[in-house]
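What follows is a single structure, written as structure tokens, with notes after it.
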Amino acid sequence: MAQKRRIGVYVCYCGGNISDYVNVEEVAEAVRNDPNVIVSKTHMFTCSDAAQQEIIDEIQAEKLDGLVIASCSPKLHMFTFRGMSKRADLNQYQYVHVNLREQCSWVHTNDKTGATKKGISMVRAGIAKCVLTVPLNAIRIETKPRVLVVGAGVSGMRAAISLADMGLAVFLIEREAEVGGWALQTGKMGPEAQEGTDVVAKLLARINQHENIMLHTQAEVIGKSGNIGDFNVSVRLPGDESLSLNVGAIVVTTGFEPYTPEPDEFGWNAPGVIPLKDFRQMLAETDGSLVYNGKPVRDVAFIYCVGSRQSKSESCTEPNTYCSRYCCMATTYTATLLHDLEKKTGQPVNQYHLYRDVRTYGALEPLYEKARTGGAIFLRWDPSDPPKVSTEAGQLTVKAKDHLLDGEELEIGADLVVLATGMRPRENATLNDVLKIPESKDGFYNEIHLKLRPVETMIDGVFIAGTAQGPKTLAESVASALAAVAKTGGLLMKGYVDLEPLIAKVDPDKCIWCGECLKACPYGAIEKINVGEKEIAFVIESMCKGAGPCVPVCPHDAIEIEGFRDDQIVAMIDASIKELEEK
Amino acid sequence: MPKVSSKLAAAVKCSEEFNADACMHCGTCTAVCPMGYEILPRKLFRYVQVGLEDKVKENISSIYSCLLCGMCSENCPAEVNIPENIRFLRKYINENEFNLS
Amino acid sequence: MPLPTKDILGILADNLNQRKSVLPMSEAKTTRWAKGLDLPMGGKTIIYTGHMYQLIPVIDAMAGQMSKLEDTPITKMMGLGRFANKFVNMTFFMGLLASKTEQADYDRMLRNIALLLKKAGVDFGYLYGEEMYSGALVYDEGIDGSFAKHAQRVCDLFKKHGVTKVITVDPHTTHTLRTAYPQFVDGFDVEVKSYLEVLAESGLEPTQQLDEALTLHDSCLYARQEGVVDQPRELLGKAGVKMNEPDLCRKNTHCCGGPLESLFPAESHRIAGNRIDQLKEAGENITTMCPICLVGLRKAAKGTVQVNDISDTLAKAYGV
Ligand SMILES: Cc1cc2nc3c(=O)[nH]c(=O)nc-3n(C[C@H](O)[C@H](O)[C@H](O)COP(=O)(O)OP(=O)(O)OC[C@H]3O[C@@H](n4cnc5c(N)ncnc54)[C@H](O)[C@@H]3O)c2cc1C
Ligand code: SF4
Ligand code: SF4
Ligand code: SF4
Ligand code: SF4
């Protein structure tokens, strides 16, 4: 056994949450005589200020060098007690947390004796682990005050400007020859009338003027190394030139791809069946009545939810189950544009909106109201019985049932059928290979937490925003772009980041570089290095998450996670079965 | 299958007099209408809005059966002026079917 | 087979176009009520009957005939009727069938109204034989072209006599003149008020307290379109009359079915029957304020309950 330690054990009542089922006094009593334990006490609420102060005083008075808190889940209070340890000048990685509430009292409410016994085992294990702790320090990394923004749609452009305004140097990389993304092709955009091209032109003017922004078009990211705060990125420029950039963070705003219907899906490929984008452009380009293929347009049928909100079926094996968010708004807004055109030309255009549910949420609702009261007819369709588009004797026809007429089937002769196609994740093989941002099951880039960490990814220092992360309207895209700006600014303006030291560690003597760990690591944190003659694995500290898939695959037990070392785990198991062995 | 007619839909749209677009199809009007006809007035308006001219013609007698009593519009949560709309339909039929003006 | 809508509407429109009324009547019939009242001809303020009270006995007689036709093969001949009507006023003959006692009854109501206005100190004239039907029915049926022409004629008549204010006596004429005319005649600015409004505003006091209870039937147009709801109640209340209100009253009043009489008599009677049941549930002594309601409900009551015009009760209470 290692050298003797001075450990304090504190067992919590949690005001009854624990003590109603676990006899906490008995637990504290059971470990009091452990050779490494100096103090063993209980508290009604260990997290209370008074209890914390008492513990701090005891740590200092008794010169404790280890701490075991047996209370609630570490998710709730680990940082509380780490902070407490710090204030007591005890290394925060020498405090061990035992989850006596979620893992014991709450799950054994029917067996108090058993719960108490298990509590004792758990605390013993905690002590055993604590005995083997060593002081650790956070890994501090200096960050570079430069950002790479990938994708110059509206999201990327907006993000670039705000990052540059913070005083950061910004490299904005766009794959196409022109910046602006889809906003260039959507005509007048809702809810308040603005030409997408104007929006883009205004942003571009600011970008061109900004001394902190370097814009590269027809450029693509082809390589990345380094880590949060200090990435090296290589970019391919037109004419086989390339560029090396050193940046502290990366913001990915590569946008979406409109859904392309299957042949025959809602009449796709038939003349007169067009996506909303094309119809918007027709509207933007006309200055009189609408004409399609030389024929005046009098009747238009809009079909909503095309390629969104699908369910799995024989014909649709990989459904897009999500709602594309923008299309109800964009289509009802288009209805109001048509109303305006009608007023201007005096030529009525009958509009039939075949929708599933109108999702003009929040402040967008008045658009629906306006479309409806302006004379657009809304017909609801059921996914089990979608509208059928066909061409009969040269006449484009939509057949649909009207729920408001007890399901009566109608036949609408249309000059145009406009499909409100949803958003799909972009094909981006090269970039995905380089950045390795995890994707959600829908195929869009995945954030860490939809509610609480919406623009951060599992790759530290790489942020996502706009429609690259999931379907959004323009306003929502910009909001998320600015959220990414705030997170990037928060990271880079401080000048450094502190990372958890609970990460993988390679024993150079045992390692023979078989490469198993490299294959197992999802974060690309393993590198091969040479130590003298020998090739061994090396952990890039800033990229390792301490997740540990490398540990079990190593055939030589050469890699371990600090804080969860093999000797600690073995000691915990031994300690927790001590009582059994004694019998 | 009833066909949607551009002509009726456009006539309705161009008319200042017909305005049932605010209708949310709650059915209150039909429930309170003294006539007790299933079609009067909500379903009739839907026929008109969608542009089902044949259906409208099939139901001419219902259109002239309305009392213009206003019980419906008094209770309509969307404030649709129902009797005025019925009058518009009569006018449309008088002019297009009966050659009357 | 129901009555042929198209032909009946045709007859109504033809009559209005050619003879200035849907059911043209002799001048003697329309003005008889005013005999002996010494109303001046014309004037800035006039009483305007729109022939509604006078028409009721005629319509009543005619509807009797028509409902006999409903569901008979003769309805097929209606087109022929319309053709003939262009040359001979067919409806005139129907008028001849009107009952004399009924005519006297409705004339009395008009006279009561005029006397009440006089008592209230209102200075008004009458257009006698020049007065015209308002066009209400043609407006309701959506025969807008004929109606617009007619409305212009009535407006010109007002202009010719320098009329600036019109006192109406029934809800249909009130609604047509007050709400429809301004939409059809440019610059129509004649003030239109129902006699019930004029009386209520005048502050006229009753001469006796009536110890009666009656059951009030609101007219749809008065209650919902023209805002005449409180005035009759105020006038009756002042005279101590207790009012029984049916569940469907005031702005939620139930139609008497009258507007359907000319096209769908059977349906009209069904609705009237429903309404009379509702009114009977509320009390006896049913009181109307529209001649169309009056005749329809009276028939539906089939003598089981009294139905009277409000003008009779007011005449009693206010001593005319
Ligand atoms: C028909 C239609 C109508 C719409 N109408 C409205 C409306 O009325 N109102 C509204 O608010 N919204 C509307 N929208 C939605 C709106 O267009 C989007 O929300 C917005 O354009 C998203 O911008 P973005 O920058 O996130 O994505 P994008 O516009 O897709 O921009 C992404 C950019 O990244 C670039 N890129 C992609 N991959 C790479 C790479 N590997 N390297 C470098 N660059 C790359 C692309 O070339 C593109 O320029 C509409 C959308 C459509 C399709
Ligand atoms: S530390 Fe946890 S277990 Fe203890 S009182 Fe606080 S919440 Fe409850
Ligand atoms: S926004 Fe509307 S049209 Fe688009 S997927 Fe959602 S529900 Fe369907
Ligand atoms: S106005 Fe016509 S539709 Fe409305 S309640 Fe009266 S009868 Fe029915
Ligand atoms: S009551 Fe009004 S909103 Fe409701 S169905 Fe009738 S017209 Fe429409």
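The values are calculated or read from the model by the stated rules, or taken from the named source; none is laboratory data. Values in this document were obtained by computation on a predicted structure and should not be read as measured data. As a convention, Cβ positions derive from the backbone with ideal geometry for all residues, glycine included, and neighbour counts pool all protein chains shown. Ligands, DNA and RNA are stripped out before the accessible areas are found, and what is left, the full protein with its side chains, is counted by its heavy atoms. Shrake-Rupley method; radii C 1.70, N 1.55, O 1.52, S 1.80 Å.
Observations
- The sum of -39500 (n - 2.57) across all DSSP H runs of n ≥ 4, divided by the residue count of chain A, sets its helix-only mean residue ellipticity at 222 nm to -9000 deg cm²/dmol.
- Average projected area [Cα convex hull, the stretch C:206-317], square nanometres: 6.5 nm²
- Charge dipole magnitude, Cβ of K and R +1, D and E -1 - the stretch A:260-422, Cα centre, debye nearest 20: 500 debye
- Aspartates and glutamates with Cα under 14 Å of C:Lys159, excluding same-chain neighbours fewer than 8 positions away: C:Glu130, C:Glu131, C:Asp186, C:Asp189, C:Glu191
- Net charge of Cβ neighbours under 10 Å - reference C:Thr49; Lys, Arg +1; Asp, Glu -1: -2
- Dipole size of the protein assembly as shown about its Cα centre, with +1 on Lys/Arg Cβ and -1 on Asp/Glu Cβ: approximately 1780 debye, rounded to the nearest 20.
- The string of couplings for the stretch A:315-320 from the Karplus curve (6.51, -1.76, 1.60, θ = phi - 60°) is 7, 9, 7, 10, x, 8 Hz, one whole number per residue in order, with x for Gly and Pro.
- Cut-off 17 Å (backbone N to label point 7 Å along Cα→Cβ of C:Lys238), residues of the stretch C:306-320: C:310-320
- Net lengthening on full extension, A:Lys510/A:Phe45 (0.36 nm per residue, minus Cα-Cα): 162.8 nm
- Size descriptor, Kirkwood hydrodynamic radius, that averages inverse alpha-carbon separations across chain C, Å: 20.0 Å
- At full extension, A:Leu580 and A:Thr286 could sit 97.3 nm farther apart than now, given 0.36 nm per residue minus the alpha carbon distance.
- For C:Lys251, the aspartates and glutamates whose Cα falls under 18 Å of its own Cα, not counting residues fewer than eight places away in the same chain, are B:Glu74, B:Glu79, B:Glu84, C:Asp170, C:Glu197, C:Asp218, C:Glu226, C:Asp230, C:Glu234.
- Loop-located chymotrypsin sites (Phe, Trp or Tyr not before Pro) across the stretch A:481-566 with a Cβ neighbour count of 15 or fewer within 10 Å are A:Phe564, with loop assigned by DSSP.
- 10 Å beta-carbon shell around A:Val485, net charge (K/R +1, D/E -1): +1
- Of the cross-linked pairs A:Lys401/B:Lys91; A:Lys436/A:Lys545; A:Lys75/A:Lys519; A:Lys436/A:Lys510; C:Lys280/C:Lys302; A:Lys129/A:Lys510, those separated by over 18 Å at the C-alpha level are A:Lys401/B:Lys91; A:Lys75/A:Lys519; A:Lys436/A:Lys510; A:Lys129/A:Lys510.
- Using the Cβ-Cβ distance between A:Thr373 and A:Thr430 with R0 = 45 Å, the FRET efficiency computed as 1/(1 + (r/R0)^6) comes to roughly 0.40.
- Taking every alpha-carbon pair in the protein assembly as shown and binning the separations at 20 Å intervals from zero gives 11, 26, 22, 19, 15, 7, 0 percent.
- The eigenvalues of the Cα gyration tensor, multiplied by 5 and square-rooted, give the stretch A:7-135 an equivalent ellipsoid with semi-axes of 22, 15, 13 Å from largest to smallest.
- Computed P(r) (all Cα pairs; chain A; 20 Å bins; percent): 17, 36, 30, 15, 2
- For chain A, the longest principal axis of the Cα atoms and the long axis of helix A:276-285 meet at an angle of about 50 degrees.
- Across C:Lys68/C:Lys193; C:Lys118/C:Lys299; A:Lys295/B:Lys3; C:Lys35/C:Lys193, pairs whose alpha-carbon gap is larger than 29 Å: C:Lys68/C:Lys193; C:Lys118/C:Lys299
- Cysteines in chain C lacking any other cysteine Cβ under 4.7 Å from their own Cβ: C:Cys155, C:Cys249.
- Extending 7 Å from the Cα toward the beta-carbon at both A:Ile569 and B:Glu97 defines two label points whose distance is 8.4 nm.
- Neighbour-limited loop hits for GluC sites (Glu not before Pro), the stretch A:296-370 (at most 16 other Cβ within 10 Å; DSSP other than H, G, I, E, B): A:Glu314
- Residues in the stretch C:249-281 occluded by at least 20 Å² - accessible area, probe radius 1.4 Å, against chain by itself: C:Lys251, C:Asn252, C:His254, C:Cys255, C:Pro259, C:Leu260, C:Phe264, C:Glu267, C:Arg270, C:Ile271
- Legend: calculated FRET efficiency, A:Ala201 to C:Lys44, from the Cβ-Cβ distance at R0 = 51 Å, rounded to 0.05, equals 0.15.
- Binned Cα-Cα distance frequencies in the stretch A:501-561 - 10 Å width, integer %: 27, 60, 13
- Helix axis angle, A:196-209 relative to chain A longest principal axis, alpha carbon, degrees: 50 degrees
- Using the alpha carbons alone, the radius of gyration of the stretch A:6-50 stands to its Kirkwood radius in an Rg to Rh ratio of 1.00.
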